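Student: This structure is in structure tokens; I'll ask about it shortly.
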Amino acid sequence: MLSTSAHASRNDVALHFKVHFDNKTRLIEATIEVDQSRSVLDFVDFRAPKTQFRDFIAGGEFERSGERIRWQPPRNGGKLRYRYFVDRKRDPNSGDREYDARFTKDWALLRLDRLFPGARVRISKNARVTSTLRLSGPKDWAIETRYGKSLGKTHTVPAETRSRYRRPVGWMIAGDIGIRRDVLAGVNVSVAGPKGHAVRRQDLLAFLAWTLPQLVKVFPDMPADLLIVSAGDPMWRGGLSGPGSYYLHADRPLITENGTSPVLHELIHVASRRHMADGEDWLVEGLAEYYSLLFLRRSGGITEDRLDKSLTAIKTVADEEGGKLANPSRGADTARATVKLAELDRRLPGGLDAWIRSVPKGSRIDCASLDAFAKKHKVAFWSCELPSR
Ligand SMILES: [Zn+2]
């Protein structure tokens, strides 16, 4: 039998993810194209709530049941198309300033991994899977993804997780946007936000020029490319990290009044996310908060005295609001975790740096490894078992 595709050999499947921004309807036209010469990819099944995923057109077999869709592409490949409604509130009951994804007539800001959700798939054993991402939109728009400058471009999507359904992930921004790029501590950094919003791109780059060299010395997995997207209201007033990228509201300061840094906090999440264990939110959040102080101290941004004052203030929050090591870790809980980690940092030989560096590549930065490191150095340590709430 002749292959219908010039590209796909018998055990290959190529996935092509396409994104088109239609700023008249304010919807994304998304396509997943499967290029194969036999059923290497048998089916794709993902969560696609009707509030966001609309107007499916599928080659092959398609079924929508409840919140999920199941697509079985033709044996020799085919396409699944849909329209995607971007706007999303972080808390559905919140007011108008709480969007964590938004498509206006001038710009769009969202996560690619929500547009192309993680899926249950069946892919032949030993099949070679390759993926590409192609983005388009109005001619006068710019598009920035963590894969780089993206309008009219096709990117190869790298393998980053064990999942064989290799899809584009991370934050992205499109539209009438301003972008600044620099190479800092070996990382290709882009900062992008809608024009006219108070996004301080140059401040952010200068801040990272001072602090990123400290961060990459400790956290082993800082991606080679980093995208920071930012916007003002009505976007959510906080920071949210994703693979190789994060979102930060334009009003968030580089350094808060208590000396911690939302910019560094999210960056530490980006640099450590592949190594953190599930269910140890206190460790994830405590490390991000404590190291955001440490990297400021080490880069000369705050004095030793300021660091001590900050830790004292954080301890007061933990004490007064009854913070404890918890999963999920809320404000006072993260404060408690920060204080505990700061104490341990002073008692461990080589500090927490030595522990993080001792974790073999590919292993988890988790409480078990911290426990083992502390025991090895005969440093008393609290239990990794969390009391239930
Ligand atoms: Zn966090």
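Student: In nm, what is the difference between 0.36 nm times the number of residues separating Glu257 and Ala206 and their Cα-Cα distance?
Tutor: The Glu257-Ala206 span can extend by a further 16.4 nm.
Student: Please state the charge dipole magnitude for the chain, taken about the Cα centre, from unit charges on C-beta atoms (+1 on K and R, -1 on D and E), reported in debye and rounded to the nearest 20.
Tutor: Working: 64 positive and 48 negative charges, 273 e Å.
Magnitude of the dipole: close to 1320 debye.
Student: For the stretch 146-269, rounded, prolate or oblate, judged on the Cα gyration tensor with a ≥ b ≥ c (square roots of eigenvalues), a/c < 1.5 rounded, else prolate if a/b > b/c?
Tutor: Working: a/c = 1.62, a/b = 1.18, b/c = 1.37.
Verdict is oblate for the stretch 146-269.
Student: Something else now. List the lysines whose alpha-carbon lies under 18 Å from that of Lys340, not counting same-chain residues fewer than 8 positions away?
Tutor: Reachable lysines: Lys309, Lys315, Lys324, Lys375, Lys378.
Student: Given a 10 angstrom Cα cut-off, can you work out which residue in Val19, Val169, Val379 is the most mobile in a GNM of the chain?
Tutor: Answer for the Gaussian network model of the chain: Val379.
Student: Quick check on my link table: of Lys18/Lys361; Lys18/Lys125; Lys153/Lys217, which ones sit more than 29 Å apart, alpha carbon to alpha carbon?
Tutor: On the way: Lys18/Lys361 33 Å; Lys18/Lys125 26 Å; Lys153/Lys217 33 Å.
Going by Cα-Cα distance, Lys18/Lys361; Lys153/Lys217 fall outside the 29 Å limit.
Student: To continue, here is another question. Limiting things to C-alpha atoms, what are the Rg and the maximum Cα-Cα separation (Dmax) for the chain, in angstroms?
Tutor: Here Rg and the maximum Cα pair distance are 22.6, 75 Å.
Student: What FRET efficiency comes out for Ser363 versus Lys24 if R0 is 56 angstrom and r is the Cβ-Cβ distance? Round to the nearest 0.05. Show your work: numbers first, answer last.
Tutor: On the way: r = 49 Å, r/R0 = 0.88.
E between Ser363 and Lys24, to the nearest 0.05, is 0.70.
Student: Let me ask you something else. Quick one: if you take sqrt(5λ) for each eigenvalue of the C-alpha gyration tensor of the stretch 1-153, what semi-axes come out, biggest first, whole angstrom? Mind dumping the intermediate values first?
Tutor: Numbers: eigenvalues 177, 69, 32 Å².
Semi-axes, largest first: 30, 19, 13 Å.
Student: Related question: Identify which of Pro92, Pro213, Pro253 has the largest mean-square fluctuation in a Gaussian network model of the chain, with springs joining Cα atoms closer than 10 Å.
Tutor: Among Pro92, Pro213, Pro253, the largest mean-square fluctuation in the Gaussian network model of the chain belongs to Pro92.
Student: Considering the dipole of the chain built from charges on the beta carbon (Lys and Arg +1, Asp and Glu -1) around the Cα centre, which of Gly77, Ala30, Gln202 is farthest to its positive end?
Tutor: Projecting each Cα onto the dipole axis, the largest value belongs to Gly77.
Student: Here is a follow-up. Quick check for me: using +1 on Lys/Arg Cβ and -1 on Asp/Glu Cβ, what's the dipole size of the stretch 276-376 about its Cα centre, in debye to the nearest 20? The partial results should precede the final answer.
Tutor: On the way: 16 positive and 17 negative charges, 87 e Å.
So the magnitude is around 420 debye.
Student: In a GNM of the chain with a 10 Å cut-off on Cα contacts, which of Asn93, Asn188, Asn11 has the highest mean-square fluctuation?
Tutor: Asn93
Student: Would you mind classifying the stretch 245-389 by shape? Square roots of the alpha carbon gyration tensor eigenvalues, ordered a ≥ b ≥ c; an a/c under 1.5 is rounded, otherwise it is prolate if a/b is larger than b/c and oblate if not. Mind dumping the intermediate values first?
Tutor: On the way: a/c = 1.33, a/b = 1.29, b/c = 1.03.
It is rounded, given that a/c, with a ≥ b ≥ c, falls under 1.5.
Student: Does the stretch 291-334 classify as rounded, prolate or oblate by the C-alpha gyration tensor (a ≥ b ≥ c root eigenvalues; a/c under 1.5 gives rounded; else a/b over b/c gives prolate, otherwise oblate)? Numbers along the way, then the final one.
Tutor: On the way: a/c = 4.64, a/b = 1.89, b/c = 2.45.
Verdict is oblate for the stretch 291-334.
Student: Let me ask you something else. Enumerate the aspartates and glutamates that Lys24 could reach by cross-link, defined here as Cα to Cα under 15 Å, with residues fewer than 8 away along the same chain left out.
Tutor: The qualifying aspartates and glutamates are Asp87, Asp106, Asp140, Asp176.
Student: Students often forget the sequence filter, so: which aspartates and glutamates lie under 18 Å Cα-Cα from Lys79 once same-chain residues fewer than 8 apart are removed?
Tutor: Asp12, Glu29, Glu33, Asp35, Asp42, Asp45, Asp55, Glu61, Glu63
The numbers here are math on the coordinates, done by the rules we state, and not lab data. Quick caveat: nothing in here was measured; it's all calculated off a predicted structure. Every residue, glycine among them, receives a Cβ derived from its backbone with ideal geometry; neighbour counts consider all protein chains shown.
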